[in-house]
Each structure stands twice: as structure tokens, then as C-alpha cells.
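**Student:** Structure below; questions to follow.
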Amino acid sequence: MMRAMMLETPRSRLVLRERPLPAPGPGEILVAVTACGVCRTDLHVVDGELPDPKLPLVPGHEIVGRVAGLGAGVAGLAIGQRIGVPWLGHTCGICPYCSTGRENLCDVPLFTGYTRDGGYASHAVADANYCFPLPGAGEDAELAPLLCAGLIGWRSYRMAGEGSALGLYGFGAAAHILAQVAVVQGRRVHAFTRPDDEAAAAFARSLGAVWAGGSDQMPPEPLDAAIIFAPVGALVPLALKAVRKGGRVVCGGIHMSDIPSFPYVLLWEERHLLSIANLTRADAREFLGLAPRAGVKTQITRYPLAAANEALADLREGRLQGAAVLVP
Ligand SMILES: [Zn+2]
Ligand SMILES: [Zn+2]
């Protein structure tokens with residue numbers, strides 16, 4: 001048997017269910033979950049802000065575990081091996097996006113913990129071609145946030161370009177990982193938190209931010225780029241105002257409240273505004289190789305699997321520093 005925290009209808013509490021252990025199909029693996037991170041996207045799924053989830057659904061797409069079963073045709077993975085399962089669960093391989101190296105935009109994808117069952121569970125089944133071996137050091141729970149906050153953060157960071165003055169709006173799981181990478185790479189990190197959230201600002205400074213302040217403040221220097229991780233559309237004009245001519249503003253989240261109208265002068269002078277969708281497997285391989293070399297250390301709060309609702313509530317209310325991780 002396996003245990004899972006399940007979403008049975010949107011906008012309701014997850015419920016703990018026991019069900020038979022699934023058998024991995026062709027090309028799939030069974031994963032014994034040892035840790036699963038809690039991502040803001042899980043909140044958007046549970047809160048009904050993302051359309052048409054699989055129901056009932058096991059949320060969770062920052063899975064670390066051990067390979068516990070191999071489906072037919074799976075090669076290159078061994079029972080007992082440590083593995084990570086990210087948000088991108090499957091792509092078609094033949095649509096115009098997949099065939100041009102942009103599988104993150106696949107027309108018919110599957111997403112872990114959204115359109116296929118995820119890791120708020122003791123076990124999960126995953127497509128072997130979309131899993132990543134996690135060799136080396138690091139506790140399972142500390143690695144879990146790398147699987148989405150890290151990966152989507154990394155894709156956002158690359159899209160932000162090479163400039164040295166970087167702004168991060170919303171200093172949660174993704175920003176606290178990205179800040180460490182950016183500092184190692186010699187960037188000057190400016191962290192924008194909720195106004196008057198001195199604890200979050202101090203956390204950002206402790207990770208090497210040269211400046212931390214409220215999102216209603218202007219940074220002490222014009223930014224080359226800003227990444228918005230908070231799901232708050234009102235930050236878009238603020239971030240555009242904070243970047244220099246030719247600067248970039250990258251929206252890193254999957255859902256955002258409406259963006260208020262703003263004067264064209266904020267976009268003028270070749271400022272760029274773009275969003276990041278999902279990840280490619282190339283992003284994952286690149287970042288999962290780089291994170292240990294950069295010495296990324298996540299700050300996590302562990303919750304038992306059965307306390308998934310409390311973890312989601314703490315994330316929703318901004319009571320977390322770093323990332324929440326469920327341990328079955
Ligand atoms: Zn495709
Ligand atoms: Zn995520």
C-alpha cells in the first residue's frame with residue numbers, strides 16, 4: 001500500500017488516502033519518495049487558479065526518492081538509486097516546440113503533481129526519461145527544492161541575461177536558491193520583499209544580497225535585470241521602473257494576479273518584459289550539475305506528509321523562510 005495526500009476537489013483540503021501500490025508502466029519507474037518540496041504552484045493548483053488538474057490528484061513536483069521499481073524498457077537506472085522528479089513529467093517529442101529544443105512549451109505535456117500524480121505521497125510513478133539521478137552529497141529533503149524552485153529559478157536567471165545588477169522580487173524558495181548562485185557568479189543581488197518584512201530582508205542579506213528592502217522601494221542603483229517570483233502583477237510596473245534602459249524583467253511564476261496598466265515610458269527604451277514557462281530537461285541537467293559546485297544550501301522547514309495542508313497554509317501566509325518540504 002501507499003499513502004498520499006490527495007486533492008479531491010479544487011479549493012478543498014487535501015485528504016490522506018491509502019491505496020494500492022501502483023505498478024510502473026512501460027518506460028516508467030516507481031519511486032519511493034523520501035522528500036517532496038512544496039512549491040507555490042501547488043498552491044495555485046489546490047486553490048483552483050490553474051485550470052483542469054487531474055482529479056483526484058496527488059500534488060507535488062519537487063520529488064526526491066529512491067528507484068523502487070522499473071517498468072518495461074527502462075534502461076540506465078537501478079533499483080535503490082537516488083532520483084529527482086521535476087514538474088516537467090512528459091512531452092510529446094514531435095510538436096513544433098519539442099522539435100525545436102523548446103520542450104518546455106510542448107503542446108501536449110504532462111506535469112507532475114498537476115496533470116499526473118506527484119509526490120505528496122510515500123510513492124510516485126514517473127516517466128523515466130524525465131527523471132534525474134541525484135548523485136553526491138546533500139540530504140534528500142535539502143535537495144528537493146532544487147527540483148522546481150531551483151530549476152525554474154535557473155531558467156528565469158538565464159533569461160535575465162548577463163548584467164551584474166540583479167533584482168529578485170519575492171524572496172522565497174526560488175530567490176533564496178538563485179541568490180546564492182548569483183552571488184557566486186559575482187552578481188550584485190538586490191532583494192525585494194514584502195514592505196516591512198525585515199526578517200525576509202535580513203535573510204536575503206545573510207545570503208549575500210548587497211541590498212534588501214520593500215518592493216515599494218527603488219534600489220540604490222538601476223538594475224540590469226529583475227526576476228519576479230512573487231505572484232503579484234502590481235510588481236511588474238515597479239520592476240520595469242527599477243531596470244535600466246535595455247533592461248529585462250522576467251516573470252518566473254506560473255500564475256500572477258492582474259498587471260495594472262502603466263505608462264508606456266516604463267517599457268520604452270528597449271526594456272524587455274517576458275515570462276518563463278516550465279523547464280527543459282537541458283535546464284535540469286545544467287542546474288543540477290551547477291548547484292553543488294556553487295555550494296547552494298537550501299533552507300528548509302520539514303513537515304510530515306500528513307501535515308501538507310499546514311505546509312501549504314504557511315506558504316500561503318508567508319510564514320516560511322526558504323522552502324517547505326514534506327517527508328513521508
Ligand atoms: Zn511536444
Ligand atoms: Zn514548482
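The values are calculated or read from the model by the stated rules, or taken from the named source; none is laboratory data. Note that the coordinates shown come from a computational prediction; the quantities given were computed from them, not determined experimentally. Ideal geometry is used to build each Cβ from the backbone, glycine not excepted, and the neighbour counts take in all protein chains shown. In case anyone asks, the SASA skips ligands and DNA or RNA and just uses the protein heavy atoms, side chains included. Shrake-Rupley method; radii C 1.70, N 1.55, O 1.52, S 1.80 Å.
**Student:** Cα-based Rg of the chain per 2.2 N^0.38 Å, rounded to two decimals?
**Tutor:** Rounded to two decimals, the normalised Rg is 0.97.
**Student:** Starting from the coordinates of the alpha-carbon atoms of the range 37-161, obtain the Kirkwood hydrodynamic radius over all distinct pairs and give the value in Å to one decimal.
**Tutor:** Result for the range 37-161, one decimal place: 15.3 Å.
**Student:** Just to confirm, what accessible area per residue do you get for the chain at 1.4 Å probe, in whole Å²?
**Tutor:** 41
**Student:** Could you tell me how far the Cα centroid of the range 169-239 sits from the Cα centroid of the range 5-41, in Å?
**Tutor:** Going from one Cα centre to the other spans 32 Å.
**Student:** P(r) tail for the range 252-327, what percent of Cα pairs lie past 20 Å?
**Tutor:** 62
**Student:** So what's Rg/Rh here for the range 1-74, counting alpha carbon atoms and using the Kirkwood radius for Rh?
**Tutor:** 1.00
**Student:** From the phi of every residue in the range 163-171, what ³J(HN,Hα) in whole Hz does the Karplus formula 6.51 cos²θ - 1.76 cosθ + 1.60 yield, where θ is phi - 60° and glycine or proline is x?
**Tutor:** x, 8, 9, 10, x, 10, 9, x, 9
**Student:** Here is a further query. Please turn the phi angles of the range 212-221 into ³J(HN,Hα) values with the Karplus equation 6.51 cos²θ - 1.76 cosθ + 1.60 (θ = phi - 60°), one per residue in order, whole Hz, x for glycine and proline.
**Tutor:** With coefficients 6.51, -1.76 and 1.60, one gets 9, x, x, 5, 8, 9, 8, x, x, 9 Hz.
**Student:** May I pose another question? Per the 1.4 Å probe, what fraction of the accessible area of the chain, in percent, lies on carbon and sulfur atoms?
**Tutor:** C and S atoms contribute 55 percent here.
**Student:** Given the range 163-202, report the % of alpha carbon pairs whose separation exceeds 15 Å.
**Tutor:** That fraction is 35 percent.
**Student:** Still on this model: Quick one: among Gly113, Gly93, Gly247, which has the greatest mean-square fluctuation in a GNM of the chain with alpha-carbon springs under 10 angstrom?
**Tutor:** Fluctuation is largest for Gly93.
**Student:** Quote the FRET efficiency, to the nearest 0.05, computed for Glu8 versus Leu110 with a Förster distance R0 of 25 Å and r equal to the Cβ-Cβ distance.
**Tutor:** 0.80
**Student:** If you split all Cα-Cα distances of the range 211-291 into 10 Å bins from zero, what percentages do you get per bin, shortest first?
**Tutor:** Pairs per bin, as whole percents: 17, 44, 28, 10, 0.
**Student:** Here's another thing I want to ask about it. Do the sum for the chain: with -39,500 (n - 2.57) for every DSSP H run of n ≥ 4, divided by all residues, what is the mean residue ellipticity at 222 nm, to the nearest 500 deg cm²/dmol?
**Tutor:** Dividing the helical sum by the residues of the chain leaves -6500 deg cm²/dmol.
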